[in-house]
Amino acid sequence: MSAGAHDELRIVDAYWAQLRAVDARLLRRAQARTRRRQLGRTLAFALLALLLAAAAAVAAKALFGDDAPRSFPSQDSTLGSVRPGEARLLSVRRPDPDGGPPWGLRVSRTDRKQICLQIGRVVDGRLVAMGVAGAFGNDGRAHALPIEQLSCTSDVAGTLPARIGMAEPITRSGLIPSSRLGANIGCVGPVERRAIVLGPGSAREYIRRARARGDAAAVAEGTRQLASAERRLRSLPPACAKADLRTVIAGIAGSNVVSVTLTDNGVEQRVTTKRSEDGAYVFVVLGHRADPGTLTARFRDGLTCSLGGSYLRPSPPPSPACRRAFARQP
Amino acid sequence: MAQSTLVFFTRRTADPEIGRDLWAETWARAYESRGRFRGSTRAEREGWVMGIGRKVLASYYKRGAVHRRAMGRLELERPSLGDADLERLERAAGLGELRDELGRALADIPGPQQEALRLRIVDGHSYPEVARRMGVSEEAARARVSRGLRTLAGTVDIAADDFEHGDWT
């Protein structure tokens, strides 16, 4: 009833070739759009996207070059590796609701032309995670964070044409719940905990289906996944108490932005931004929040622009005047 | 997985060409929305693509036509189905046995759909010929076939498990 796996259908290869051609065509179009945007700065920014942030090449270069924790391992990912000397801790700081070291931002550039933000707590000029909320055995000490590309945007042709922003769930220690630091994480948030608990079941179902269709390679892959999922489940960290969870809202608003304000349940927090750091800002709110309030950026000419709702899908979208204001920053 | 999904659609429509169209539209939609895929394992990828495929199939059952919107947006051509592919696909989907099973099950469905299915699936006539013999438009003939297939989906689905878990990868 069924044909063998070696009995290839030519139609599949033919259609795949078409899809690859589409992929290449769309990539070329995207690159052309980026070039037009950089050269003429006439196109409005690519709408919606992330937070307020925007920055340009000249100012962006000032962000790099002196922090450079070269001894840290760089995350190996599709985003590339951070080049030596191209990571810098910015000066912006926000206090934690429970006190202790403030929160800060590190910007890095990768060899795949990505500009990335990383958040953490700051001690002695270094981005660290604290030994609290179960992390690092609650030793209370500061632990330097390796460079990780948490939120990135393309840096085509050496400029920084796009905006960077994020609303990241994180633990009070300064570790993201899915951190590579594994056992040191201390506690995990509800989303990560659910994924770990359901992991072995998913892997078993995968193996069952692979066996049913006689796919030995997939069975082997599933078996590895199962072993890994069971290991993670055996060492499942405890669920974080709400008091140990934070949502950090951070980004680069652009050098023409003088301040960024977060309004959350009627309470305002304001960051005065620096031109030399492309309007970098950071806010920290208690708990794991999908919708952590409204951000408002104030430009030097008095224009104010707000974004509410989910930052990945701002509602309503920024007005044309605001999009132009973000796009025209030097 | 690309081949198994093609067999899946062929089986559920008892028609390699309709199956080809549904298959191509499914992968075009999957390509367009690949940024929304949040899984990491092969099983999750398969499940995600099949979720798209089932929606495309449901739309076909409901409307009697394949809407190639994603293919149009991406400027994708409908890939041609050569004789060798056609033969392999019919064999992989077990269309011979399926036609026999469908023929036996036809008594359970309404008259117009039964006639359309018999002409198209069991006797193998083209859609224009089915339309001519039934005295309706080609569009109406297609709709009767697709709705008849939906009515018989239980017959198709039960037997389909055999090849879905077969050695097509």
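Tallying residues that are facing another protein chain (nearest Cβ under 9 Å) and not β-branched (Val, Ile, Thr) within segment B:1-43 yields 12. The set of residues in segment B:104-137 being over 17 Å from B:Ala14 (Cβ atoms), out of contact with any Ser or Thr (no Cβ under 9 Å at 6 or more places or on another chain) and either of a type outside the set (A, V, I, L, M, F, W, C) or not in a helix (DSSP H, G or I) (or both) consists of B:Gly111, B:Pro112, B:Pro128, B:Arg132, B:Arg133, B:Gly135, B:Val136, B:Ser137. Here A:Thr294 meets each of (1) within 20 Å of A:Val248 (Cα to Cα); (2) modelled with pLDDT of 85 or more with one exception, condition (2).
The condition of being surrounded by 14 or more Cβ atoms within 10 Å (Cβ to Cβ), of a type in the set (Asp, Glu) and under 17 Å from the mean Cα position of the chain (by Cα) holds for only one of B:Glu32, B:Glu44, B:Glu87, B:Glu101, that being B:Glu101.
When segment B:106-127 is examined, which residues are found to be more than 17 Å from B:Ile18 (Cα to Cα) and surrounded by fewer than 17 Cβ atoms within 10 Å (Cβ to Cβ)?
Within segment B:106-127, the first condition is being more than 17 Å from B:Ile18 (Cα to Cα), and the residues that meet it are B:106-115.
Matches in segment B:106-127: B:Ala107, B:Asp108, B:Pro110, B:Gly111, B:Pro112.
Scanning for something within 26 Å of A:Glu205 (Cα to Cα) and out of contact with any Pro (no Cβ under 8 Å at 6 or more places or on another chain), does segment B:97-115 turn up at least one residue?
No, segment B:97-115 contains no residue that is within 26 Å of A:Glu205 (Cα to Cα) and out of contact with any Pro (no Cβ under 8 Å at 6 or more places or on another chain).
Residue by residue, here is whether (1) out of contact with any strand residue (DSSP E or B) (no Cβ under 8 Å at 6 or more places or on another chain); (2) without any contact (Cβ under 8 Å) to a residue 12 or more places away in the chain; (3) of a type in the set (Asp, Glu) holds:
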{"site": "A:Arg246", "(1), (2), (3)": "no, no, no"}
{"site": "A:Ala253", "(1), (2), (3)": "no, no, no"}
{"site": "A:Asn256", "(1), (2), (3)": "no, no, no"}
{"site": "A:Asp264", "(1), (2), (3)": "no, no, yes"}
{"site": "A:Val267", "(1), (2), (3)": "yes, yes, no"}
{"site": "A:Arg270", "(1), (2), (3)": "no, yes, no"}
{"site": "A:Gly287", "(1), (2), (3)": "no, no, no"}
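Quick check on my filter: what residues within segment A:228-277 are away from every other protein chain (no Cβ under 14 Å), under 20 Å from A:Ala203 (Cα atoms) and of a type in the set (Gly, Ala, Ser)? A:Ser235, the sole residue that qualifies.
The values are calculated or read from the model by the stated rules, or taken from the named source; none is laboratory data. What you see is a predicted model, and the numbers here were worked out from it, not measured in a lab. All Cβ positions, glycine included, derive from the backbone under ideal geometry; neighbour counts span all protein chains shown.
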